[in-house]
Amino acid sequence: MGNVTNENIINLNTAITFEAETFRRIQPEEYLRRYIQQHVRPDGRSFNHFRKTTVNLSCITTADGSSMVRIGNTTVICGIKAEVSEPNVNFPKEGYLVPNVDLSPICSPRFKPGPPSEQAQVLSENLNKLLKNSKVIDLETLCIEEGKAAWVLFADLVCVNYDGNVFDACVIALMSALMNVRLPEAVYEDGIVKATEEKTIILGLIRITYSASFAMFDGQHLLVDPNEMEESITKDGITVVVDETGKLCNIWKTGSSCSSEQLKTCISKARDRYADITSIIEIAKQAIKKIE
């Protein structure tokens, strides 16, 4: 029998890796199932393990509020820009908060140039619903002069790298960007809005909400914080939104329904996740204070 050389071992490992990659491409569902049967996910995480999450605040100097969030390889940047507009005639004392999500070809080849994809539109709509239903901000605080002038906060969320669970990243990015919004003090005189950068107003948030998303595989295995591969294979998903008191704010489901026990598990993990995100953002705030 010939000697086993390092070259032989390398070639064998390469062949095994190649075969696994081919199997994943040809039979992605079965590929994932074989990992799940071993109580582990292809990226090495347990079913209940969230990917590393980081938050950087005030990362866009030209914005009135900004943040960058990474969940694993998924990266979202949120920039908030304030402009003056006339209030809605039906709500003369309120301003506006308008979120918009951009999923461009830069973040993933699955997205094509042109009009916003259906997924981007759904994300923007769900963020808007979350803001309104949860009453995150008192829109009356954005009023400069009743019926005459109000602030419009345009929140642009750009995904620069897509690897699944972009909604959770968008929620964290939006909330953390809103926390560091600074608006110039403004007054309405003789039909003109006068604002000064010398005095700024901190945006007051009534409620802070975060989400936790789950993929369900084979109707029984809950996978927290699914990556792109897991999202593409699983057809069922749950997103749970809670606030700082642990109160349930919203639930979104895709695919088939889940059991009451599974839903309870998701809500419990969403509350734990909220505490983790709060700690991560507090670290980001401390980093900003050191720079200042």
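Across the range 62-89, which residue is surrounded by the fewest Cβ atoms within 10 Å (Cβ to Cβ) among those that are farther than 18 Å from Ala155 by Cα and under 20 Å from the mean Cα position of the chain (by Cα)?
My answer is Asn73.
Right, Ala169: more than 11 Å from the chain's Cα centre (by Cα) and modelled with pLDDT of 95 or more or not?
no
Go over the candidates Pro109, Pro92 one by one and state the one that is out of contact with any helix residue (DSSP H, G or I) (no Cβ under 6 Å at 6 or more places or on another chain), without any contact (Cβ under 8 Å) to a residue 40 or more places away in the chain and open to solvent by 20 Å² or more (accessible area, probe 1.4 Å).
Going through Pro109, Pro92 in turn, just one is out of contact with any helix residue (DSSP H, G or I) (no Cβ under 6 Å at 6 or more places or on another chain), without any contact (Cβ under 8 Å) to a residue 40 or more places away in the chain and open to solvent by 20 Å² or more (accessible area, probe 1.4 Å): Pro109.
When the range 193-243 is examined, which residues are found to be over 30 Å from Phe47 (Cα atoms), modelled with pLDDT of 90 or more and β-branched (Val, Ile, Thr)?
Selection gives Val193, Ile206.
So, Gly147, is that one surrounded by fewer than 23 Cβ atoms within 10 Å (Cβ to Cβ) and modelled with pLDDT under 90 or not?
no
Checking the condition of a type in the set (Gly, Ala, Ser), farther than 14 Å from Lys81 by Cβ and in a strand (DSSP E or B), which residue from Ala186, Ala155 passes?
Just a single option satisfies the conditions, and that option is Ala186.
What are the residues in the range 227-250 that are free of Cβ contacts under 8 Å to residues at least 40 places away in the same chain, among the acidic types (Asp, Glu) and either open to solvent by 50 Å² or more (accessible area, probe 1.4 Å) or more than 19 Å from Pro28 (Cα to Cα) (or both), if any?
Glu244
Looking only at residues in the range 48-61 that are among the polar types (S, T, N, Q) and in contact (Cβ under 8 Å) with a residue 40 or more places away in the chain, which one is least open to solvent (accessible area, probe 1.4 Å)?
Among those residues, the one meeting the criterion is Thr53.
Going by the structure shown, is Ile71 more than 30 Å from Ile192 (Cβ to Cβ) and modelled with pLDDT under 95? Break it down into steps so the answer makes sense when it comes.
On the way: more than 30 Å from Ile192 (Cβ to Cβ): yes; modelled with pLDDT under 95: no.
No, not satisfied.
Please identify the pairs in which a residue from the range 208-226 that is free of Cβ contacts under 8 Å to residues at least 60 places away in the same chain has its Cβ atom under 7 Å from the Cβ atom of a residue that is among the small types (Gly, Ala, Ser) and not in a loop (DSSP other than H, G, I, E, B), counting only partners at least 6 apart or on another chain.
Ser213/Gly237; Phe214/Gly237; Ala215/Gly237; Met216/Gly237
Go through the range 187-219 and give me each residue that's over 20 Å from the mean Cα position of the chain (by Cα), of a type in the set (A, V, I, L, M, F, W, C) and within 23 Å of Asp138 (Cβ to Cβ).
Within the range 187-219, Val187, Val193, Ala195, Ile201, Ile202, Leu203 meet the criteria.
Within the group Lys264, Lys290, Lys253, which residue is assigned to a strand (DSSP E or B) and either more than 21 Å from the chain's Cα centre (by Cα) or at pLDDT 90 or above (or both)?
Going through Lys264, Lys290, Lys253 in turn, the sole match is Lys253.
In contact with a helix residue (DSSP H, G or I) (Cβ under 9 Å, 6 or more places away or on another chain), open to solvent by 30 Å² or more (accessible area, probe 1.4 Å) and either assigned to a loop (DSSP other than H, G, I, E, B) or free of Cβ contacts under 8 Å to residues at least 24 places away in the same chain (or both): which single residue out of Ile280, Ile201 fits that description?
Step by step, each of Ile280, Ile201 is checked, and only Ile201 is in contact with a helix residue (DSSP H, G or I) (Cβ under 9 Å, 6 or more places away or on another chain), open to solvent by 30 Å² or more (accessible area, probe 1.4 Å) and either assigned to a loop (DSSP other than H, G, I, E, B) or free of Cβ contacts under 8 Å to residues at least 24 places away in the same chain (or both).
Residue check: is Asp163 among the acidic types (Asp, Glu), surrounded by 15 or more Cβ atoms within 10 Å (Cβ to Cβ) and out of contact with any Phe, Trp or Tyr (no Cβ under 9 Å at 6 or more places or on another chain)?
Yes: the conditions hold for Asp163.
Look at the range 264-277 and say how many of its residues are open to solvent by 40 Å² or more (accessible area, probe 1.4 Å) and either without any contact (Cβ under 8 Å) to a residue 40 or more places away in the chain or among the acidic types (Asp, Glu) (or both).
6
Within the range 109-141, which residues are over 16 Å from the mean Cα position of the chain (by Cα), part of a loop (DSSP other than H, G, I, E, B) and not basic (Lys, Arg)?
Pro109, Phe111, Pro113, Gly114, Pro115, Pro116, Ser117, Asp138
The values are calculated or read from the model by the stated rules, or taken from the named source; none is laboratory data. Note that the structure is a prediction, hence the values are computed from the model and not measured. Cβ coordinates were reconstructed from backbone atoms using ideal geometry, including for glycine residues, and neighbour counts include every protein chain displayed. What goes into the accessible areas is simple: the full protein's heavy atoms, side chains included, and nothing from ligands, DNA or RNA. Shrake-Rupley method; radii C 1.70, N 1.55, O 1.52, S 1.80 Å.
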